[in-house]
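What follows is one structure encoded as structure tokens, with my remarks underneath.
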Amino acid sequence: LAEDRAAAGLEREASLREALEATARAEATTAEERDATRRDDDARLRNARDELRIARTAAAAAEGRAEASAAGALLAAHGCEIDAVYTSWLTRAIETAWLVLTPLDALWVSIHKTWRLNERMYGA
């Protein structure tokens, strides 16, 4: 799983680097256009680095792990059954899903991961 994410990150970084190099090769006719192109390239590179940093997240905190296990125990006590789990690719989200599924004895359940569920920051 970690190797797949690392490979996906490297592929994304390589494709972004190629796109940036292609942009850099494009001729800008004026100094203003060159400056605008440079700013766009810098913004794209920052965004790519942010995406890679988000993908490499730390594990869940001890308090979060305890809460997830307690939630799983509560679901098991009430007889809840889980058919599928949908989560982001963030390490702590996947770990949380496992911790909830463990008391339910449902580690066999499909865990569907998508980047679309990754947390986002839209400004401060």
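The values are calculated or read from the model by the stated rules, or taken from the named source; none is laboratory data. These numbers were taken from a predicted model, which means no experiment stands behind them. In this analysis, Cβ positions are derived from the backbone assuming ideal geometry, glycine residues included, and neighbour counts consider all displayed protein chains. Side chains are part of the model used for accessible areas, which takes the heavy atoms of the whole protein and leaves out ligands, DNA and RNA. Shrake-Rupley method; radii C 1.70, N 1.55, O 1.52, S 1.80 Å.
For the range 59-114, what Kirkwood radius comes out of the mean inverse Cα-Cα distance, in Å?
So the Kirkwood estimate lands at 11.2 Å.
Pick out, in residue order, every one of the trypsin sites (Lys or Arg not before Pro) in the range 83-124 that is DSSP loop and has at most 15 other C-beta atoms within 10 Å; say none if there are none.
Counting only loop positions with at most 15 other Cβ atoms within 10 Å, the trypsin sites (Lys or Arg not before Pro) in the range 83-124 are Arg120.
Considering only protein heavy atoms, what is the solvent-accessible area of Asp40 at a probe of 1.4 Å, reported in Å² to the nearest 10?
80
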